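Peer 1: Structure provided below as structure tokens; questions to follow.
The values are calculated or read from the model by the stated rules, or taken from the named source; none is laboratory data. What you see is a predicted model; the values in this text were computed from it and never measured. Note that each Cβ is placed from the backbone with ideal geometry, even for glycine, and that neighbours are counted across all protein chains shown. Calculation scope for accessible area: heavy atoms of the full protein, side chains included, ligands and nucleic acids excluded. Shrake-Rupley method; radii C 1.70, N 1.55, O 1.52, S 1.80 Å.
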There are 2 protein chains.
Amino acid sequence: MPTHPLAAPLLAGQRRALARAITLIESTRPDHEAEAQALLAELGPHAGGAVRIGLTGVPGVGKSTFIEALGLWLAERGHRVAVLAVDPSSVRTGGSIMGDKTRMPGLSVHPGAFIRPSPSGGTLGGVARRTREAMTLCEAAGYDVVLVETVGVGQSETQVAGMTDLFVLLTLPNAGDELQGIKRGIMELCDLAVVNKADTDPRAANRAQSQLTAALSLLTPHGAEWRPRALQLSALNGQGIEAFWEAVQEFRGTVDLPARRRTQTAGWFDELLREAVWKTFVQGRSQVLGQRRSEVLAGQLTPVQAVRALLDLPLDRPEPRPR
Amino acid sequence: MPTHPLAAPLLAGQRRALARAITLIESTRPDHEAEAQALLAELGPHAGGAVRIGLTGVPGVGKSTFIEALGLWLAERGHRVAVLAVDPSSVRTGGSIMGDKTRMPGLSVHPGAFIRPSPSGGTLGGVARRTREAMTLCEAAGYDVVLVETVGVGQSETQVAGMTDLFVLLTLPNAGDELQGIKRGIMELCDLAVVNKADTDPRAANRAQSQLTAALSLLTPHGAEWRPRALQLSALNGQGIEAFWEAVQEFRGTVDLPARRRTQTAGWFDELLREAVWKTFVQGRSQVLGQRRSEVLAGQLTPVQAVRALLDLPLDRPEPRPR
């Protein structure tokens, strides 16, 4: 198999090669896609060595400050830290969430860190695919901590939880009020909940921690491999960072990560395949699909009749079944 | 359009015609399916007149006693009550959850009530489809309250919530302990939570009601059309039945039911279609699918490469897109 020219420098940890490889996987040019997939297949066996941490929280909760504080703390201890973002809204605006130098002034210039804003999506698998692929590249380049940040648009939290080892929800000390702003289902994805800016109001932070602990406990089934917990932290003065990292280590020691990652990869493959099969079917059929749906909603056809008609499956013969 | 011989007696409310029509939709004979779909299309315009209530709760919570108490209370007030069940496990056992005469001794012989155990599934749409279709038939036969019960196997709660107007979770007074046994996501489907057997331990029932209220409040987004609430009830002595029914009426007055039902029907149609498209694709491909999945898990192919190969989409041409 021919080796891609970016492979060797990327495996040697050269940041420029990594940045160029990510640009390659972001490209929407069809010939670039074939090249990018060949590079990914080549680098795949060298990936998988990082702790993958997903992170979400409403705007204003201090995600950037948290990443800056945690990232610098880790980088100072010899870790190599990559920061990626999933932001479906950037497909529309075409840009990143905010300038990284403004958001993370220290981390963005640290030699042990690599920050990449949200890659543009739009093709098969969307933004989530680009971020997964960028994660593979970062791991092959030797980054041992990958932080994947999401702004919480659409399905992005589920996607990020589905590609990371551990999913972190960042909240504010007034979490009791804030919780209602948290989207349905987020609490259930969460492995650690972190009350950020705990120094601003210690009493409120304690209360928020208790409320989060109770909510997480309610939502965790008996016999779960890991019982999600709530922590306090102040990204601004660095308080709680070490305890956070200890919880991450404990999580890694508790959960069967290889099994979790295999499940994630298999699920991701199935999802991509279903999406591609569906797109292939829908292609050129949008008008007739819309007509059948209207007839169903008007009560002129039953859903089953409409489905059979669309698939050219006569109603008096059995439907195809998987063997 | 020729009229089905069962249509007129069913529309006249004859229970035997209704029972025979449900047997027809349950049939797995291909020629029966065409006949059943024609009958459903004919009766569709006469359906939709019932309050559709979904009901779930762990075994032992008193679902049968609750349905018996509520059903008799309603039937005595002139309502016509149909009880259906979604039980995916019965596909395997071939039977219903339990004999209805044992479970609901009064309701099962009441002239205003119609009880039908879980229809067998297995074809396109599975058990949920049969139950939806049975609901249509009950409504066409003039039943104005339809209770759909689920034993909570697999996705059945989501399916029942997706076919009913209002979804009810039944719990016990020791809900604080019990909550952890409730499957993830159930609380989020729930419009009313009912602490059953409240008479057995009033203090525990009060506590359970508070805990449920708090949990529901946490999970309900700001601006929700309806704020789910918790009630207490004793099915055994009838206490709380009237308050339950008042809450159902309030729900109906608050929520835009026609919009909710249109969304449900459209979602159901899309789901059936995706399932049929997927089954058609998978048919005869299980071996090659398994091979590609193994190669992906072994890191020999990227998921995108495997998907392209399976769909015969060359990597150097753009994928098909919906127009």
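Peer 1: How many residues, within the range B:124-158, are open to solvent by 10 Å² or more (accessible area, probe 1.4 Å), within 9 Å of the chain's Cα centre (by Cα) and modelled with pLDDT of 90 or more?
Peer 2: Total satisfying the criteria: 1.
Peer 1: Also, I was wondering about something else. Kindly indicate whether A:Thr213 is in contact (Cβ under 8 Å) with a residue 24 or more places away in the chain, at negative phi and out of contact with any helix residue (DSSP H, G or I) (no Cβ under 9 Å at 6 or more places or on another chain).
Peer 2: No, not satisfied.
Peer 1: Here is a list of conditions, (1) at pLDDT 75 or above; (2) assigned to a loop (DSSP other than H, G, I, E, B); (3) closer than 17 Å to A:Thr23 by Cβ, and A:Pro119 meets all of them except one; can you say which number that is?
Peer 2: With (1) at pLDDT 75 or above; (2) assigned to a loop (DSSP other than H, G, I, E, B); (3) closer than 17 Å to A:Thr23 by Cβ applied to A:Pro119, the lone miss is (1).
Peer 1: Looking only at the range B:210-229, filter to residues that are facing chain A (nearest Cβ under 10 Å) and of a type in the set (S, T, N, Q); which one of those is surrounded by the most Cβ atoms within 10 Å (Cβ to Cβ)?
Peer 2: B:Gln211
Peer 1: I need every pair where a residue in the range B:262-277 that is basic (Lys, Arg) has its Cβ under 7 Å from the Cβ of a residue that is open to solvent by 20 Å² or more (accessible area, probe 1.4 Å), sequence separation at least 6 or different chains.
Peer 2: B:Arg262/A:Leu297; B:Arg274/A:Trp278
Peer 1: Now, a different point. May I ask you to verify whether B:Ala82 is at negative phi, of a type in the set (A, V, I, L, M, F, W, C) and without any contact (Cβ under 8 Å) to a residue 12 or more places away in the chain?
Peer 2: In short, no.
Peer 1: With the condition kept exactly as written, say whether any residue in the range A:29-39 is under 16 Å from A:Val83 (Cα atoms) and buried (at least 17 other Cβ atoms within 10 Å of the Cβ).
Peer 2: No, the conditions are met nowhere in the range A:29-39.
Peer 1: If you don't mind, another one. Condition check: free of Cβ contacts under 8 Å to residues at least 24 places away in the same chain and either within 14 Å of chain A (Cβ to nearest Cβ) or part of a loop (DSSP other than H, G, I, E, B) (or both). Does B:His4 satisfy that?
Peer 2: Criteria not met by B:His4.
Peer 1: If we only count helices (runs of 4 or more DSSP H) wholly inside the range A:243-315, which ones have 3 or more residues that are within 10 Å of chain B (Cβ to nearest Cβ) and open to solvent by 60 Å² or more (accessible area, probe 1.4 Å)?
Peer 2: Ranges flagged: A:257-282, A:286-297.
Peer 1: Out of the residues in the range B:48-71 that are open to solvent by 40 Å² or more (accessible area, probe 1.4 Å) and more than 14 Å from chain A (Cβ to nearest Cβ), state the one that is nearest to A:Val304 (Cα to Cα).
Peer 2: In this case the residue turns out to be B:Pro59.
Peer 1: For A:Ser217, which of the numbered conditions (1) under 30 Å from B:Gly299 (Cα atoms); (2) in a helix (DSSP H, G or I) fails to hold?
Peer 2: Unmet condition: (1).
Peer 1: Follow-up. Are any residues in the range B:16-47 within 9 Å of another protein chain (Cβ to nearest Cβ), assigned to a helix (DSSP H, G or I) and under 19 Å from the mean Cα position of the chain (by Cα), and if so, which ones?
Peer 2: B:Leu40, B:Gly44
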